[in-house]
1. Whole angstrom only: what separates the Cα centroid of segment 27-43 from the Cα centroid of segment 93-114?
2. What is the percent of Cα-Cα separations in the chain that go past 18 Å?
3. Which lysines have a Cα lying under 18 Å from the Cα of Lys147, excluding residues fewer than 8 positions away in the same chain?
4. Pop out the ³J(HN,Hα) list for segment 137-148 in order, Karplus 6.51 cos²θ - 1.76 cosθ + 1.60 with θ = phi - 60°, rounded to Hz; leave Gly and Pro as x.
5. Could you put Val86, Val151 in order of accessible surface area, largest first, with the 1.4 Å probe and the full protein assembly present?
6. For helix 2-25, report the angle its Cα long axis makes with the longest principal axis of the Cα atoms of the chain; keep it between 0 and 90° and round to the nearest 10°.
7. For segment 28-44, just list the computed ³J(HN,Hα) in residue order, Karplus coefficients 6.51, -1.76 and 1.60, θ = phi - 60°, integers in Hz, with x standing in for Gly and Pro.
8. With label points built 7 Å along Cα→Cβ from the Cα atoms of Ala150 and Ser37, find their separation and express it in nm.
Amino acid sequence: MMNAKRLYWGVCGGFFAAAALAWASTPYLDFTINMTSSLPGTLYVVHKGGAFKKGDLIAYRWHGGATYPAGTTFIKRVEGIPGDTVKREGAAFWVNDHYIGLAKPKSRAGVPLVPAGAGAIPAGEYFVATPSVDSLDSRYSLSGNIKAAAVIGRAYAIF
């Protein structure tokens, strides 16, 4: 009986300490859960306002559309930065000479998808994608390039 009480209070204390740490870090960190298979990992921590570069994961606020409400947190890899060139041949996309993948005609939910255009990535925008064929990313005009104002920060997979 005494060990059960000790275990209970230890678990409660650990939970309280973790909650206090999470609360104290909220101005700098955010936690989000990946509900899709477009990226490996389930739990991500986001360093709010954290610097990032091409190849890093970023979290951003979705503007709304398809089956996702406005404000949903998306996590994608930065594949193109301002000044890079997006090339398109039919449904195939490249950023500079790096192959990104094919654009699909419909989402898994049946929403029609229109491929985005090609050209130089403007200042203050980023081309984001994941290797998943089902990723709703910059290959589609619905998403397009992500504006810097929508970026929350750099994302890191925890598990």
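1. Using only Cα atoms, the two centres lie 22 Å from each other.
2. Every Cα pair in the chain considered, those over 18 Å come to 62 percent.
3. Once the sequence-local lysines are set aside, what remains near Lys147 is Lys48, Lys53, Lys54, Lys76.
4. Whole-Hz 3J(HN,Hα) from phi for segment 137-148: 9, 5, 5, 10, 5, 4, 9, x, 5, 8, 6, 4.
5. The ranking, largest first, comes out as Val151, Val86.
6. In the chain, helix 2-25 runs at an angle near 40 degrees to the longest axis.
7. 10, 10, 9, 10, 9, 10, 7, 9, 10, 9, 6, 9, x, x, 10, 10, 10
8. Each label point lies 7 Å from its Cα, and together they span 2.5 nm.
The values are calculated or read from the model by the stated rules, or taken from the named source; none is laboratory data. Every value quoted in this text rests on a predicted model; they were computed, and no experiment measured them. When we count neighbours, we look across all protein chains shown, and the Cβ atoms used for this are built from the backbone with ideal geometry, even at glycine. Note: accessible area is taken over every heavy atom of the protein model, side chains too, but ligands, DNA and RNA are not part of it. Shrake-Rupley method; radii C 1.70, N 1.55, O 1.52, S 1.80 Å.
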